[in-house]
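Here, each number is a calculation from the coordinates, and none is a lab measurement. Note that this is a predicted model, so its numbers are computed, not measured. Ideal geometry is used to build each Cβ from the backbone, glycine not excepted, and the neighbour counts take in all protein chains shown.
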Amino acid sequence: MELLFLGTGAGMPAKMRNVSSVALKMLNERGAVWLFDCGEATQHQILHTSLKPRRVEKIFITHLHGDHIFGLPGFLGSRSFQGGDLPLTVYGPPGIKEFIEVSLRVSCTRLQYELTVVEIEEGIIFEDETMRVETRLLDHGIASYGYRVCEKDKPGVLLVDRLKADGIPPGPYYKEIKEGRTIQLADGRLIVPDAYVGPSQKGKVLAILGDTRPCEAAGMLAQEADLLVHEATFAADQPQMAHDYFHSTTQQAAKIAREAGAKALCLTHISSRYTKEEVALLQTEAEAVFAPVIIAYDLMELSI
C-alpha cells in the first residue's frame, strides 16, 4: 500500500499546498484506490500523477468544510467523462448525500456509473475479506471523523522447498495447501498445511484523521497503527489558537502518536502561514515528542 498526498494545506489553496486530499493506492492488493477527502482541484492534482480516476472505488470524507469537499462534484463528473463505469461509494458525515445530489442535479451532471452515498456513524463502516474501516467522531467545529483502515492478516508464505523435499508435486495441490486445506496425495498421504506454510503476515493499520483538537477518539484510532496521518495546522507555540479554531499543533499530534504506540507519524493540513524554511522547524518540534515524523507535501508518495 502507498499513500499519495494530493493536497496538504489548510483552509484554502496556496502556491505550495493544495487543500486536503490523500489517495491510498492498493493496486497490488485489490486493484483499486481509495480517496480520503476531495478538496478543491483534487482532480487537477491527479493530472500530475499516474493515478487513474476509474480506479477510485471508495471516497471517505472526514467532514463537510469546503477545503475537504469542494473538489468532489468535479471529480465525480470527470470520472464519468473519462470512461469510469465501475461502481463508486462515497462515505461521509450526514449532509454529504445532499451536497452531492444538489451539486450534480443543479449542474445537470449525469454519471455513467453506479454511485452509492453512505452517511456514516461511529463504528465499522466497511468490511470485506481483506479490509476493515472503522470511524470515530473527533473534536472539531462541525462533525469530523477519523478513519482507521485495517488490512486483514494474510496467509504465510508457501514453503515450496519443503514441499518439494517431501515429494509433493507442484500444481493444484500447492494452491489448496496455501489456502489452508488438508489434501490427500495419490500415495495415500495426508498433507496438513500447517507444516508447509509460514507464519501469517500481519496486515497493515493506517489511521487518517480529519480536522480535530487532541481527543481520546484520535488516540483510539491511532492505536499501534503502522502510520498515523494527523493534521498539524499550527506550530507548537500556538496551542491557544489551535484550540480556538478546533485544530492541533505539531506537538499535540506527536503526543497522540506517542501515547497510541503508533509506529510513524505523518503531519498534514499545514497552514500557509508557514514558509518552506519554517516547515523544517515544525518537523523538529514534533520530533522532540515522537519519532519518526514526516511532514507531508503535495504529490509526496509514502509506502506503508
Study note, to complete from the structure: From the Cα centre of the range 136-155 to that of the range 180-217, the distance in Å is 22
Review point. Taking only the alpha carbons of the chain, what extent do you get along each of the three principal axes, in Å, biggest first?
Key: 74, 52, 34
Check your understanding: In the range 175-199, which residues have a backbone nitrogen under 12 Å from the label point lying 7 Å from Asp153's Cα in the Cα-to-Cβ direction?
Key -> 199
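Relative contact order for the chain: what percent, with Cα pairs under 8 Å and sequence separation of 6 or more?
Value for the chain: 17 percent.
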Check your understanding: Helix 72-81: angle to the longest alpha-carbon principal axis of the chain, degrees 0 to 90, nearest 10?
Key -> 50
Practice item. Under 1.5 on a/c is rounded, so check that first for the range 87-224, then, if it is not, pick prolate when a/b is larger than b/c and oblate when it is not; a ≥ b ≥ c are the square roots of the alpha carbon gyration tensor eigenvalues. Key: oblate
Check your understanding: Can you work out ³J(HN,Hα) from phi for every residue in the range 116-124, in order, using Karplus 6.51 cos²θ - 1.76 cosθ + 1.60 and θ = phi - 60°, giving whole Hz and x for Gly and Pro?
Key -> 10, 10, 10, 8, 8, 10, 5, x, 7
Point to revise | Among the listed pairs Lys52/Lys178; Lys25/Lys204; Lys25/Lys263; Lys25/Lys255; Lys52/Lys152; Lys178/Lys202, those beyond 23 Å (Cα-Cα) | key: Lys52/Lys178; Lys25/Lys255; Lys52/Lys152
Check your understanding: Counting Lys and Arg as +1 and Asp and Glu as -1, what is the net charge of the other residues whose Cβ lies under 12 Å from the Cβ of Leu24?
Key -> -1
Review point. Using Cα pairs under 8 angstrom and six or more residues apart, how large is the relative contact order of the range 1-152, in percent?
Key: 16
Check your understanding: Which angle between 0 and 90 degrees, to the nearest 10, do you get for helix 250-260 versus the longest principal axis of the chain when only C-alpha atoms count?
Key -> 30
Practice item. Go through the range 296-302 residue by residue and turn each phi into a ³J(HN,Hα) via Karplus (6.51, -1.76, 1.60, θ = phi - 60°); whole Hz please, and just put x for glycine and proline. Key: 5, 9, 4, 6, 5, 10, 9
**Study point:** Nitroxide proxy distance, nm - points 7 Å out along Cα→Cβ at Lys52 and Asp161
**Key:** 3.8
**Study point:** Packing-based exposure ordering (other Cβ within 10 Å, fewest first) of Phe99, Phe36
**Key:** Phe99, Phe36
Check your understanding: What number, in percent, do you get for the relative contact order of the range 206-278 if the mean sequence gap of Cα pairs under 8 Å and at least 6 apart is divided by its residue count?
Key -> 37
Check your understanding: Hey, rough spin-label estimate for Ala288 and Val106, points 7 angstrom out along Cα→Cβ, what's it come to in nanometres?
Key -> 4.6
Check your understanding: Charges only on Cβ, +1 for Lys and Arg, -1 for Asp and Glu: so what's the dipole of the chain about the Cα centre, in debye to the nearest 20?
Key -> 780
Review point. Can you run phi through the Karplus equation (6.51, -1.76, 1.60; θ = phi - 60°) for the range 4-20 and list ³J(HN,Hα) in whole Hz, with x for Gly and Pro?
Key: 10, 8, 8, x, 10, x, 10, x, 8, x, 10, 4, 9, 9, 7, 7, 5
